[in-house]
1. Is there any pair with a first residue in segment 441-464 that is assigned by TED's automatic domain parsing to the domain that holds Ala507 and under 20 Å from Thr516 (Cα atoms) and a second that is among the charged types (D, E, K, R) and assigned to a helix (DSSP H, G or I) whose Cβ atoms are under 6 Å apart and which are 6 or more apart or on different chains, and what are they?
2. Is it the case that segment 424-444 has a residue that's surrounded by 14 or more Cβ atoms within 10 Å (Cβ to Cβ), closer than 30 Å to Asn529 by Cα and either in contact with a Ser or Thr (Cβ under 7 Å, 6 or more places away or on another chain) or at pLDDT below 80 (or both)?
3. Could you count how many residues in segment 138-165 are assigned to a strand (DSSP E or B) and either farther than 16 Å from Leu514 by Cβ or among the polar types (S, T, N, Q) (or both)?
4. Residue check: is Gln16 surrounded by 15 or more Cβ atoms within 10 Å (Cβ to Cβ), farther than 30 Å from Leu216 by Cα and either modelled with pLDDT under 90 or under 30 Å from the mean Cα position of the chain (by Cα) (or both)?
5. Restricting attention to segment 294-310, which residues are among the polar types (S, T, N, Q) and assigned to a helix (DSSP H, G or I)?
6. Looking at segment 3-30 only, could you name the residues that are part of a helix (DSSP H, G or I) and either β-branched (Val, Ile, Thr) or at positive phi (or both)?
7. In segment 451-504, how many residues are over 24 Å from the mean Cα position of the chain (by Cα) and assigned to a helix (DSSP H, G or I)?
8. Would you call Gly168 crowded, with 18+ Cβ neighbours inside 10 Å, outside the structural domain of Asn22 (by TED's automatic domain parsing), among the small types (Gly, Ala, Ser) and in a loop (DSSP other than H, G, I, E, B)?
Amino acid sequence: MLENATHSLQSLATMQHYLLRNNQESIAKIVPNVAKNFPPRQPLLPSILKQLGQKNHLTADEVLSLKTDLIEDALESYLWLREGEYHWRDDQPLSSHHTTIKGDDCFIISNLLDNLIIRMKAWQKLSAVISSPYQRLFCANPALIQQKVPSGNLNPTALEKLVKLMQGKTLRQISLFLKQDELKVAQLLFPYLQSNILQLKSPQPTLEKLPCIPPLKPTNTLNKNPNNPQPRNNYQPTQSQQKKTYKIVCIDDSPTILDMIKAYLEEAEYEVITIDNPTQSLTCLFKHKPDLVLIDFSMPGINGNKLCRIIKTSPLFKNTPLIMISGNSKMLTPENMKEAGAIDYLAKPFCKEQLHNIVNKYLSNNSKVNQRLTKGKNDTQSSFKPVEKPNIKQSEDLDRKPITITRNEQDIDPITGLANRQCLEQYLSGITKNTENTKSSFSLIFIKINNLIDIQDTLGETERDNTLRNVTKQMHSLVRANDVVGRWSDNEFVIVFNNIEHPKILAHISQRILNTIKQSPLLVENQLNLKLSHTVKINSLVGA
């Protein structure tokens, strides 16, 4: 028997979702006010549920229905976990907020699990494309809507209406508009996702921490036909049947970079562990004992140079290749790398092939990982080779020094941490002079929040500043490492794009940025929307 089940990432939004799904909009609106009546340490959702029943906002049957939804929501996440720990605490008395367990207040676990397992198997059939109901939907190229899609059940008109509705919304949010279960919505859209007419982005924080849909397990039955020795299904052989899977730890304070590296390397069948807090990296390194470590050079708390030195003091990592990653080419020199103990480096921005090449160089499946891969200090040969940046025009003026933004206190906007207007004007003046005599170019996109005053009047200055910080974070996740984001005025940001001057590309980038930063969790919770506009300016002083 089960009385209740919750997990730490369930929130007021979770309860509101199920109320809205059951057409109880008025109750969903009062949930935040009801939540204010409870102390922080008290389990929030069970307490709100109890009060909604006591105050007659919900009938007994409605309370039971909502309780069932919340329990199944929690259990579904537990079922999707790939690993974890559990602890029994049967010697502790129930705390005061618990009620006496009665037959009507409890659930038969087997009944709940049977339904959830059936549901999980249905989700698993979609796991090749969909990993979470909290992924955000968008359509990068609306012109593809008119294409015929095998197994697609939506006509172009219906799909076009849905695309206008979905931009940036999650599968779960779309299910409310369509008044359908999110699984059915996922099944409906699956053919269009497979055909790449629709695309998915990662869930918003903190929803990305929820377990992903577990993939279908490969069958162990092989096709023994000598003319076709491959497995009869589309899954890869088990690890015992294939080459050694090497383990890579990547340390970077940018979740976007970590996600990209993880995706690229997992395609090459490496096992990847990502760490976004460098101060916690040593514990993870000793736990996982990786075959190779990728380390960002510039990180808060402890930089990559110092971290490399600390790692190399341990005999455990004496022969582990350390590769430094940085967008600052000045710091990526053989001397700096050897001093830190790094074996090689990779310059940002980099493409998938460059990442694969440098990792394969030190983790070849045909050689031992622990083989010493560099010469001694007295050797004249060096393994360090410059890595060209992809799709970026290089200046013919080889002596031209790169333009950098000075990181003095007077150059930084105190709220967002971005370069302020004074700093940006100096930067733009410098790169404008350089473009007069080179083939390099730059373009600007100005993003303006037209209702920032309304947000401040509604939510206060603190929440206005939080909105600005969230917009900053979202923009940083969408630009390249060599682009510059700054705060131009109170409600206006500017992004400097190096070597992009095609109007259609810039227009596409602008729209993608607007679609992304509109989805601020803070504003969604308060039923507000960002009103945005953008302006594109292409540098006219581009060299011949």
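1. Sorted first by the residue in segment 441-464, then by its partner, the pairs are Ile455/Arg464.
2. no
3. Let us first name the residues in segment 138-165 that are assigned to a strand (DSSP E or B), namely 138.
Those still in the list that are either farther than 16 Å from Leu514 by Cβ or among the polar types (S, T, N, Q) (or both) too: none.
Counting residues in segment 138-165 that are assigned to a strand (DSSP E or B) and either farther than 16 Å from Leu514 by Cβ or among the polar types (S, T, N, Q) (or both) gives 0.
4. Judged against the criteria, Gln16 is a match.
5. Going residue by residue through segment 294-310, those that are among the polar types (S, T, N, Q) are 298, 303, 305.
Correct list: Asn305 only.
6. Quick first cut of segment 3-30, residues part of a helix (DSSP H, G or I) only: 12-21, 25-30.
Hits for segment 3-30 are Thr14, Ile27, Ile30.
7. Going residue by residue through segment 451-504, those that are over 24 Å from the mean Cα position of the chain (by Cα) are 451-462, 488-492, 498-504.
Imposing the further condition that a residue be assigned to a helix (DSSP H, G or I) reduces the set to 452-459, 461-462, 503-504.
Number of matching residues: 12.
8. no
The values are calculated or read from the model by the stated rules, or taken from the named source; none is laboratory data. The shown structure was predicted, so the numbers you read here are calculated from the model rather than taken from an experiment. Every residue, glycine as well, gets a Cβ built from its backbone with ideal geometry; the counts of neighbours run over all protein chains shown.
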